[in-house]
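Data first, discussion second: the structure below is written as structure tokens.
The values are calculated or read from the model by the stated rules, or taken from the named source; none is laboratory data. The structure displayed is predicted, hence computed values, not measured ones. Cβ coordinates were reconstructed from backbone atoms using ideal geometry, including for glycine residues, and neighbour counts include every protein chain displayed.
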Amino acid sequence: MKLNIKLKAIALGGLLALGYGCSSDFLDTHATQTIDFEQYGQSAIKNPKLLDATLTGLYSTMINTGTGGTTGHDDFGQKGYDIFSDFLSSDMALSVSTYGWYRRFTDYQTTVDNTRNENYIPWRYYYRLIRGCNAFISSLGGNDAVPASAEGKYGMGQAKAIRAYAYFYLTQFYINEYTPTSKVLPLLTEATQSAVPQSTTQEVYNLMIKDLTEAIGYLNGFNRASKNQINQDVAKALLAYVYGSMNTADSNAKAKTLTSEIIAGGSYTLMSGAEVVGGFNDINTPGWMWGFDLTTDMGFDLISWWGQMDVFTYSYQWAGDRKAIDANLFNAIPANDARKAQFFNNSASGYHLIPWRKFYAPARTIGGQRNVVTDYVFMRVAEMYLLNAEFSAKTGDEATAKTSLKAVVSQRVPSATYIDALSGQALLDEIYLQTRIELFGEGKSYLAMKRFKATVTRGSNHLTHVGTPIPYNDDRLTWVIPLSEIQNNPFIN
């Protein structure tokens, strides 16, 4: 049964205000001051559906339009920021610009200008989620409380995982690279907090690790009703991403263990060679770990990830703001690799190298899907195999690295035995390349670029900076704190 995420109401008015308030002050606590969290928590114990409804509101924030605080056609939740980050990694090229969406962003003009909406909407979106999670956690007794009921524990686990997910992306987007002593992000952990000073990066990481470790425990035994919900495996995966971004010997070893546990659990199967050209459009695909089931009554259309990425949806990809795979990356895909067929290969066409057989509405009518019902993918088990290969190689376990890498590649090419001969930097380079190819357009290339400390040179189909080597720590690849936050937070200079 499909869960209507967008239209299902949040039962508590105050929490609804937290999830969808339109104040320009990101850290404003006005909405929290009218909520009796203890009373709400007691009501939730008597009526677990109240917890479900509130969590539904948090999840809906991840996919709804305008949740970054604007009416822009690039403001539609996490998948919008996946596009932004794919552009920054240069694995995605803006190959044709007719309407101008992302044009200045891909030219690196906006990430260095704190007056631009492109810096504002991710900050607003992730802190909106954080505020909502803080309110929910407070209603269950606060950060140190241990809910007595199973429903309370499952709710607490999801809320803490969502909060950590939000902080993780803030660390990736607004911090140049992992430096424990740097101070960038205000750390909000209480529902009643207003403007606070910037915490050290290590303090933010400590919270993420604590939240996700506790979430993994709370979510033990949780059988989710839909893949839109975070379960124990997704919480483990998020923690692996957090540890992996630290890139220390200890953190890589922990990330390796977490991804090994997910793989060994056997709950998901790798997408086959046929499936990767069968359309990334159905949440029921066994290889998807986390995603959102979109339905007609949600009202998604032109302003959506599908509108920006799919030529078979009535919107920008069809009409003239084309997003394609970087030409250099496409050329690195072997001719006998099933993923080569994901992209339209005709240099004489304006659609050259768009992902027309990776992301598409099943009817395959150009500009045909008006009401979006194709689903959103947030996480796949292929990521776990590739991360496991990466962290195994980084910790010296090349045998496991090769096994995990071959598990993916053997589904894409006739033979993956060439991997057996790789070692050292050559093995790491292959893992990074396969990560970029496998996860193109899924919002993971930027994260990998930072983990591998890579330098990418843009191919010929970009509109700007063609042939320019761009290192992972280039200041233009990191967002700046938006002016609105500086104006509203007296602790930020």
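Answer yes if at least one residue in region 173-186 is in a helix (DSSP H, G or I) and over 27 Å from residue 53 (Cβ atoms), and no otherwise. Yes, the conditions are met somewhere in region 173-186. Taken over region 87-115, the criterion of being part of a loop (DSSP other than H, G, I, E, B), closer than 16 Å to residue 476 by Cα and touching a residue at least 60 places away in the same chain (Cβ under 8 Å) is satisfied by 90, 91, 102, 107, 108, 111, 112, 113, 114, 115. I'd like to know if region 222-243 contains one or more residues that are in contact with a Pro (Cβ under 9 Å, 6 or more places away or on another chain), surrounded by 22 or more Cβ atoms within 10 Å (Cβ to Cβ) and closer than 17 Å to residue 258 by Cβ. No: region 222-243 contains no residue that is in contact with a Pro (Cβ under 9 Å, 6 or more places away or on another chain), surrounded by 22 or more Cβ atoms within 10 Å (Cβ to Cβ) and closer than 17 Å to residue 258 by Cβ.
So that you can scan it fast, the table gives a plain yes or no per residue for (1) under 20 Å from residue 343 (Cα atoms); (2) among the hydrophobic types (A, V, I, L, M, F, W, C); (3) touching a Pro at 6+ places or on another chain (Cβ under 6 Å):
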| position | (1), (2), (3) |
| --- | --- |
| 400 | no, no, no |
| 406 | no, no, no |
| 416 | no, yes, no |
| 422 | no, yes, no |
| 426 | no, yes, no |
| 434 | yes, no, no |
| 438 | yes, no, no |
| 450 | no, no, no |
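Sub-9 Å Cβ pairs linking a first residue in region 404-420 that is acidic (Asp, Glu) to a second residue that is surrounded by 12 or more Cβ atoms within 10 Å (Cβ to Cβ), at least 6 apart or interchain, are 420/402; 420/406, ordered by first then second residue. Among residues of region 351-370 that are outside the structural domain of residue 322 (by TED's automatic domain parsing), none has a Cβ under 7 angstrom from a residue that is of a type in the set (Asp, Glu) at a sequence gap of 6+ or on a separate chain. Candidates in region 292-338 are the residues that are in a helix (DSSP H, G or I) and hydroxyl-bearing (Ser, Thr, Tyr); of these, the one that is surrounded by the most Cβ atoms within 10 Å (Cβ to Cβ) is 316.
Mind checking which residues of region 47-73 are without any contact (Cβ under 8 Å) to a residue 24 or more places away in the chain and under 20 Å from the mean Cα position of the chain (by Cα)? The answer is 66, and nothing else. Taken over region 459-487, the residue count meeting the criterion of being outside any loop (DSSP other than H, G, I, E, B), surrounded by fewer than 18 Cβ atoms within 10 Å (Cβ to Cβ), in contact (Cβ under 8 Å) with a residue 60 or more places away in the chain and in contact with a Ser or Thr (Cβ under 7 Å, 6 or more places away or on another chain) is 2. What pairs come up if the first residue lies in region 199-217 and is touching a residue at least 40 places away in the same chain (Cβ under 8 Å) and of a type in the set (A, V, I, L, M, F, W, C), the second is outside any helix (DSSP H, G or I) and buried (at least 24 other Cβ atoms within 10 Å of the Cβ), and their beta carbons are under 9 Å apart, counting only those six or more places apart or on different chains? From region 199-217, the pairs are 215/230.
Answer yes if at least one residue in region 230-253 is part of a loop (DSSP other than H, G, I, E, B), at pLDDT 95 or above and within 18 Å of residue 79 (Cα to Cα), and no otherwise. Yes, the conditions are met somewhere in region 230-253. Within region 258-273, the set of residues being assigned to a helix (DSSP H, G or I), out of contact with any Asp or Glu (no Cβ under 9 Å at 6 or more places or on another chain) and closer than 13 Å to residue 386 by Cα comprises 258, 260, 263. Scanning region 139-172 for residues that are aliphatic (A, V, I, L, M), at pLDDT 95 or above and part of a loop (DSSP other than H, G, I, E, B) turns up 145, 146. Is it true that some residue in region 104-117 is under 30 Å from residue 462 (Cβ atoms), in contact with a Leu (Cβ under 6 Å, 6 or more places away or on another chain), crowded, with 22+ Cβ neighbours inside 10 Å and of a type outside the set (Val, Ile, Thr)? Looking for residues that are under 30 Å from residue 462 (Cβ atoms), in contact with a Leu (Cβ under 6 Å, 6 or more places away or on another chain), crowded, with 22+ Cβ neighbours inside 10 Å and of a type outside the set (Val, Ile, Thr), one finds none in region 104-117, hence no.
With the structure loaded, tell me whether residue 400 is farther than 24 Å from residue 325 by Cα and assigned to a helix (DSSP H, G or I) or whether it fails that test. It is true that residue 400 is farther than 24 Å from residue 325 by Cα and assigned to a helix (DSSP H, G or I).
Within region 244-256, the residues that satisfy the criterion of being over 17 Å from residue 168 (Cα atoms) and surrounded by fewer than 16 Cβ atoms within 10 Å (Cβ to Cβ) are 249, 250. Could you please let me know if residue 226 is under 25 Å from residue 149 (Cβ atoms), touching an Asp or Glu at 6+ places or on another chain (Cβ under 8 Å), outside the structural domain of residue 312 (by TED's automatic domain parsing) and in contact (Cβ under 8 Å) with a residue 24 or more places away in the chain? In short, yes.
Just one of (1) closer than 30 Å to residue 261 by Cα; (2) without any contact (Cβ under 8 Å) to a residue 12 or more places away in the chain; (3) among the hydrophobic types (A, V, I, L, M, F, W, C) fails for residue 335. It is (1). The lone criterion from (1) surrounded by 22 or more Cβ atoms within 10 Å (Cβ to Cβ); (2) part of a loop (DSSP other than H, G, I, E, B); (3) not basic (Lys, Arg) left unmet by residue 413 is number (1). Considering only residues that are part of a helix (DSSP H, G or I) and of a type in the set (S, T, N, Q), look in region 187-220 and name the one that is nearest to residue 145 (Cα to Cα). Only one residue fits best here, namely 213.
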